[in-house]
Amino acid sequence: MPVTSKSRQIITIIGLLFFSFIGVFFITATEMPKYRSFMIFFILLILSDFYLWYSVKSFICKQTQVLKYSLIFFYWLSLIFSFIFFIALFIIDIKYWNYLVRTYLTASMLLFYAPKIFAILCLLLADLVRLIKFSYTFIFKRNKFCQKFNNARWKPLLYFGNIGSLFIFIILLRGMIFGEFDFRVKKISIEFDQLPAAFDGLKIVQISDIHLGSWYGKPPLERAVEMINDLHPDIICFTGDLVNYTTSEAIPYEDALKKLQAPMGKFAILGNHDYGEYVIWENEHEKNQNMIDLYNFEKRIGWDLLLNSNTRVQKDSSFICIAGVENWGKNFRFPKKGDINKALSGINRNTFTILLSHDPSHWDEIISKNYQYIPLTLSGHTHGMQMGIVGKNFEWSPAKYLYKHWAGLFLNENSAAPQYLYVNRGLGVIGYPGRIGILPEITLIELKRKKKV
């Protein structure tokens with residue numbers, strides 16, 4: 001098909017965008033090395049963009065004038081979003097971005113790139129088949145049967161890739177519209193021998209991973225707060241990641257969070273996002289001030305922030321302990337600030353203790369092996385990857401390939417006394433502003449004293 005002048009203009013514009021993007025990468029990689037890995041990742045995506053384009057352009061160019069240019073525009077929209085994102089990242093540090101712009105710009109990139117990735121995988125498979133057929137024909141070229149092989153890509157595989165990518169786009173869009181704030185209450189009951197009789201029937205609400213930098217307004221959070229209060233919890237435990245990048249994201253939601261009610265206390269810990277590690281600070285003082293602002297914020301909303309520390313919850317003449325560690329993650333990308341010995345300092349081994357630890361890998365690697373006298377640990381962090389398949393007796397998410405314990409209640413089968421971990425699926429979102437299957441969670445945990453037979 002001959003290339004028209006308009007097509008040349010479009011290709012020229014796309015080429016300029018691409019090479020400008022490469023230029024921005026090299027500048028950014030020098031000036032902001034923290035973002036280097038992200039830039040390399042997106043350059044790979046853009047190269048795949050061109051790879052896929054040469055597969056679909058003949059189909060697009062056959063369409064009517066209006067449809068053709070509409071398809072061209074939507075195809076390259078992901079590249080445009082990527083270009084805008086990294087140019088903006090170079091000009092303005094991400095901590096100063098408007099929260100909605102930051103959230104939905106990255107979401108738009110995901111919305112358009114994820115379907116393309118599926119189509120590209122199918123295209124790669126089709127090219128692999130074509131390569132095998134070509135190699136076979138080349139080696140046995142005298143064989144008449146082999147000479148009849150058609151080296152074109154296998155069309156059913158290409159159709160599957162195109163239809164599948166459209167399906168993924170629709171699912172992702174639906175998750176953004178309907179899933180992000182579809183809060184669900186999970187109710188569980190756990191029995192313990194060592195639970196003091198006075199605490200039999202204790203109601204704990206666990207929430208985690210609110211990520212206030214991803215919320216577009218107060219009404220959804222106010223609705224979640226109302227749902228929590230309607231459960232009439234005795235204790236509320238928050239297991240980290242209040243914000244995405246900086247404490248300033250939390251300020252607009254102070255009044256809403258103040259309304260949370262729990263007569264025996266509201267306890268919180270920090271998650272990996274709460275330390276301000278994902279932005280570039282002008283100096284150490286600015287970073288430290290961000291943490292001080294977070295401490296003051298949680299104090300103002302009535303949360304008892306446990307920084308490798310513990311506290312007692314008294315009822316009648318009995319008490320239990322709530323201990324909280326700072327973030328400890330097995331993955332090298334996440335800070336290891338948690339000090340379990342410091343967090344448990346002063347607690348008798350026979351005292352019923354609830355441990356708050358943001359990352360469930362801490363329980364896997366440390367708690368379940370060396371601190372089996374801690375009966376219950378509450379974690380979050382995984383979000384259940386915000387997507388998965390949920391059935392009546394079945395639940396699957398890609399998170400299971402990253403975390404041994406990624407959501408729900410788990411029992412340590414190697415412990416002499418019952419030892420449990422509960423991993424909350426998170427109330428908010430990060431990256432993709434939506435949820436598919438794995439919905440935002442409010443956990444109601446009722447503790448029961450095991451009756452002696």
- Message: I want the antiparallel fraction of DSSP beta bridges within region 183-449, as a percent rounded to 5.
- Response: 40
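What does the C-alpha gyration tensor say about the overall shape of region 183-449? Classify as rounded when a/c is under 1.5, otherwise prolate if a/b is larger than b/c, or oblate. Mind showing how you got there, number by number?
Working: a/c = 1.30, a/b = 1.23, b/c = 1.06.
Rounded shape, in that the Cα axes give a/c under 1.5.
Using the 10 angstrom Cβ neighbour count as an exposure proxy, how do ARG184, ARG449 rank, fewest first?
By the 10 Å Cβ count, ascending, the order reads ARG184, ARG449.
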- If amide H atoms are modeled at 1.01 Å from N in the peptide plane, then the residues at a separation of 5 or more from ALA268, or on another chain, having amide H under 5 Å from its own are PHE238, ASP304, LEU305, LEU306
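For a footprinting-style exposure proxy, rank PHE167, PHE238, PHE332, PHE352 by other Cβ within 10 Å, fewest first.
Values: PHE167 12, PHE238 30, PHE332 7, PHE352 23.
So the residues, fewest neighbours to most, are PHE332, PHE167, PHE352, PHE238.
Using the Cα atoms of region 215-333 to build a convex hull, what is its mean projected area in square nanometres?
Mean projected area of the Cα convex hull: 8.8 nm².
What does the helix-only formula give at 222 nm for the chain: each DSSP H stretch with n ≥ 4 adding -39500 (n - 2.57), the total divided by the residues, and the result rounded to the nearest 500 deg cm²/dmol?
-13500 deg cm²/dmol
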- Item | Cβ charges +1 (Lys, Arg) and -1 (Asp, Glu), total dipole of the chain, debye | 2420
- Task: Could you state the angle between the C-alpha long axis of helix 5-31 and the longest principal axis of the C-alpha atoms of the chain, as a value from 0 to 90 degrees rounded to the nearest 10?
- Result: 40
- Item | Net lengthening on full extension, SER415/ILE87 (0.36 nm per residue, minus Cα-Cα) | 112.8 nm
- Query: Relative to the longest principal axis of the chain, what angle (0 to 90°, nearest 10) does the C-alpha long axis of helix 284-300 take?
  - Reply: 50
- Query: List the aspartates and glutamates whose alpha-carbon lies under 12 Å from that of LYS287, not counting same-chain residues fewer than 8 positions away?
  - Reply: ASP274, GLU277
- VAL185 long-range amide H proximity, modeled H, under 5 Å: ILE442
- Item | Segment LYS187-LEU402, extension gain: residue separation times 0.36 nm, minus the distance between their alpha carbons | 74.9 nm
- Förster radius 51 Å - calculated FRET efficiency between ASN348 and LYS287, Cβ distance, rounded to 0.05: 0.85
- Among [x] 57; [y] 37; [z] 26, the value of percent of Cα pairs over 37 Å apart computed for this structure carries the label [y]
- Query: According to a simple spin-label model (label point 7 Å from Cα along Cα-to-Cβ), what is the distance in nm between ASP339 and GLU365?
  - Reply: 1.8
- Message: Counting other beta carbons within 10 Å of each residue's own, what order do VAL56, VAL423, VAL66, VAL225 fall into, fewest first?
- Response: VAL66, VAL56, VAL225, VAL423
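The numbers here are math on the coordinates, done by the rules we state, and not lab data. None of these values were measured; they are calculated from a predicted model. Cβ sites come from the backbone with ideal geometry, for glycine too, and all protein chains shown count toward neighbours.
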